[in-house]
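Remarks on the structure that follows.
Just so it is clear, none of the values below were taken in a lab; they were calculated from the coordinates. Please read these numbers as outputs of a predicted model, since none were measured by experiment. Note that each Cβ is placed from the backbone with ideal geometry, even for glycine, and that neighbours are counted across all protein chains shown.
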Amino acid sequence: MSDDEMKEVDSESAILHFLSETHRLHDSCITSVEFNDGRFVDQSGSMYCGLGDQASLTLRIDSQIGKPPARFRLMFTGVSRFDYNHDSATDGLILSCAVSINEGLVRFECNEWDSNPRPLVLAKAFKYCSVV
């Protein structure tokens, strides 16, 4: 699926559709994380920082739900926060996730009842797709 075919999560109805389609990522795990914070050094050696609006994050998630098991790609842009701690006690297991949009920021959190939900993402935009 191309980026154009990904589903935007930009409203309450889109959030509900995401949570329903992915079963709130119940019994899932993150299989890969790709983060690009937008900083770079050009050919002359000048460093460009403070480009937070260009930060992006892609999470690949496998779920035990479905036959064959479901796989998802979640893409966040304008990332201002990303926390992830692969806790060996739970072995990175995602039991549930929550998504909210407030003042133009998407808040995505897994195991949200935990005192420190992980992963936690704050971003300007969020889209996703099923991966075959």
Inset, instruction - Quote the charge dipole size of region 3-130 about the Cα centre in Debye, to the nearest 20; the model charges only the Cβ of Lys and Arg (+1) and of Asp and Glu (-1). - result: 160 debye
Inset, instruction - Evaluate Rg over Rh across region 29-88, taking Cα atoms for both radii and Kirkwood's formula for Rh. - result: 1.15
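Sorting ILE101, ILE94 on the 10 Å Cβ count, fewest up front, what's the list? Don't skip to the end; give the middle numbers.
Values: ILE101 16, ILE94 20.
Lowest count first: ILE101, ILE94.
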Inset, instruction - Note the per residue figure in Å³ for the convex hull of the C-alpha positions in region 42-132. - result: 145 Å³
